[in-house]
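A.B. asks: The following block contains the structure, expressed as structure tokens.
The values are calculated or read from the model by the stated rules, or taken from the named source; none is laboratory data. This one's a predicted model, so the numbers in the text were calculated from it and none came from an experiment. With ideal geometry, Cβ positions are generated from the backbone for all residues, glycine too; neighbour counts draw on all protein chains shown. What goes into the accessible areas is simple: the full protein's heavy atoms, side chains included, and nothing from ligands, DNA or RNA. Shrake-Rupley method; radii C 1.70, N 1.55, O 1.52, S 1.80 Å.
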Amino acid sequence: MGNYRVCCCFTRKFKVTQPEPPSDVKEAFNRYSNDGVHMTADHLRRFLEEYQGGDGHAVSISDAERIVEQILHKRHHLAKFIHRKALSLEDFHHFLFSTELNPAIRSQVHQDMTAPLSHYFIYTGHNSYLTGNQLSSNCSEVPIIKALKRGVRVIELDLWPSSSKANVHVLHGRTLTTPVELMRCLKSIKEYAFTTSPYPVIITLEDHLTPDLQAKVAQIVTETFGSMLFFPESEKLEELPTPESLKYKILISTKPPKEYLETEDDKHCSLQKGKDSDDDDDTWSEEPSRDVSYEDKSFKSGSDRSDHDAEDLEQGKKSPSSPAYKRLIAIHAGKPKGGLKDALKVEKDKVRRLSLSEQALEKAAENHEEDVVRFTQKNILRIYPKGTRITSSNYKPLVGWLHGSQMVAFNMQGYGRSLWLMHGMFRANGGCGYVKKPDFLMRRGPKNEVFNPKAKLPAKKTLKVKIYMGDGWHLDFKKTHFDTYSPPDFYTRVGIAGAPVDKKMRKTKIKEDDWTPVWNEEFTFPLTVPELALLRIEVREYNMSEKNDFAGQTCLPVSELRPGIHAIPLCNRKGDQYTSARLLMRFEFI
């Protein structure tokens, strides 16, 4: 019972009632139970196989018995009910509304993990050490640990000399961010790398070090990771290894030292001419001529660099590069000379990683869309946020994924709907951080043609989504959280993020004064690229005079959705799951 004070004279009382099961749930129970009163384990097994899709394989009677036993133990404490070993309609409804027993997507790795790394989308962080904004937040190992626990598989570290030039610090260079010691970051990676997933962690290094410090980094990395560290058999890989072969391994990806020095020299020359430069390792954000090398502009002016940067550069050029550091590099990064089209050329005898800013990707998608797809079939393409995202916001990830980009790098400490899409994509494949790219992104035709993201395609399938009801907010929020004077007025927004033609958002009616709203509304979404579609779900509380309140969200990969009726747990703005708030929904593919 909830009491809401309307004025000093009286209060209004609202009881949190449990609605009866939806009609679809009643019909399913009557259909699969012999007498419409009791559902045995065998009845439940048939329901799971036929109505819920059965995950494409037979459901064992022992699995069904285990579910029945769990539900009865949780809902009934009297032995006579537990010994009955059959579910009532209310028990069956409880099972369907359980996020643990009846999730919408599988929690196991189920994709082929024996293809080269270039065949996978990889959960990728940007400036992984930052706790907040890009200009003045603290650098710490804590956000690295959080990212690894969430399943992120690519961690980025920016390496700079300490003030004494004797040690190596991790920080966002030429900003007010406070540094963290490299050793603390590496130890945290070692400890937490495989707590969520056994598949490889890739550390991308953006280093601004002299050869002496590079040699020191090589020693620290080698001693910290030991046998966990993957060393390539040859300096240039012709094909990337597989996630399966790299289980529990750490890989380093950066530019070879010689190339780093050449690039720093180029940057210094550019600065002498008064040009700006970007902190990220290689990018084109404008389409240059094929003969002109271009460096992306950043929010941080190159004129802000101190004079001793030039001295460090001169010292570095006089010293030989570190062979130990070079040997660490499993995936070589680099910026080929020339324009963007040249950078996207596929070389027969080696693979590499190329980085583009989000603006550069948009221009590449406009002018060289098939070259990008062709490049990503063998090589790694990393996309990173533009420098003006100083608040650690993020960009739309679908452009990168539709062009085959494996590493769509995000500020994981950020916020907003783009980050929710990132969380949604990597809920796929058991949340292991590696999601196999759709076959159409890897195919080549007889004339070397590849998938064209701009091509007009017919709908492959249609997803029908029915939103029955919601529950659990009264357990996760204070009774006056949404409205001081009455229970909340919830509505749900549901839609698709994916190929541009597939994007659509719809919403339910508003259910007034109800902690357990019942909608029973159905929506239909035709999909041209269902393999990359994400189902967006967002619950809001309607306010007539103010902005509507946030009441939970989630994002699910459409390709992983199990047909039938399922419980959908909701998350907060940061992407952390609420304890109780959830929706009951049905999915059907036609």
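A.B. asks: Please give the Cα centre distance for the stretch 556-590 versus the stretch 345-412, rounded to the nearest Å.
C.D. replies: A separation of 29 Å, based on Cα centres.
A.B. asks: Between the DSSP loop rule and a limit of at most 16 other Cβ atoms within 10 Å, which trypsin sites (Lys or Arg not before Pro) in the stretch 320-376 are left?
C.D. replies: Sites meeting the loop and neighbour criteria: 337, 345, 348, 350.
A.B. asks: While we're looking at this one, here's another question. Give me the accessible area per residue for the stretch 85-138, probe 1.4 Å, as a whole number in Å².
C.D. replies: Here the residues of the stretch 85-138 average 34 Å² of exposed surface.
A.B. asks: Near residue 200, within a Cβ-to-Cβ distance under 11 Å, what is the net charge of the other residues, with Lys and Arg +1 and Asp and Glu -1?
C.D. replies: +2
A.B. asks: State the Cα centre-to-centre distance between the stretch 98-167 and the stretch 489-539 in whole Å.
C.D. replies: If you average the Cα positions of each part, the centres end up 29 Å apart.
A.B. asks: Also, I was wondering about something else. If packing is taken as the mean number of other Cβ atoms within 10 Å per residue, what is the order of 216-227, 452-463, 111-122, highest first?
C.D. replies: The packing order, highest mean first, is 111-122, 216-227, 452-463.
A.B. asks: Express the carbon and sulfur contribution to the solvent-accessible surface of the stretch 172-222 as a percent, rounded to the nearest whole number, probe 1.4 angstrom.
C.D. replies: Answer for the stretch 172-222 is 52 percent, counting heavy atoms of protein chains only.
A.B. asks: Fully extended, how many nm does the chain gain between residue 27 and residue 195 (0.36 nm per residue separation, minus their Cα-Cα distance)?
C.D. replies: Going from the current span to full extension adds 56.3 nm.
A.B. asks: Give the residue list of chymotrypsin sites (Phe, Trp or Tyr not before Pro) in the stretch 474-542 that are DSSP loop and have at most 12 other beta-carbon atoms within 10 angstrom.
C.D. replies: 485
A.B. asks: Which of the peptides 28-37, 544-553 is most tightly packed, and how do the rest follow, judged by the mean count of other Cβ atoms within 10 Å per residue?
C.D. replies: 28-37, 544-553
A.B. asks: Residue 235 versus residue 349, label points 7 Å from Cα toward the beta carbon: distance in nm?
C.D. replies: According to this spin-label approximation, the distance is 1.2 nm.
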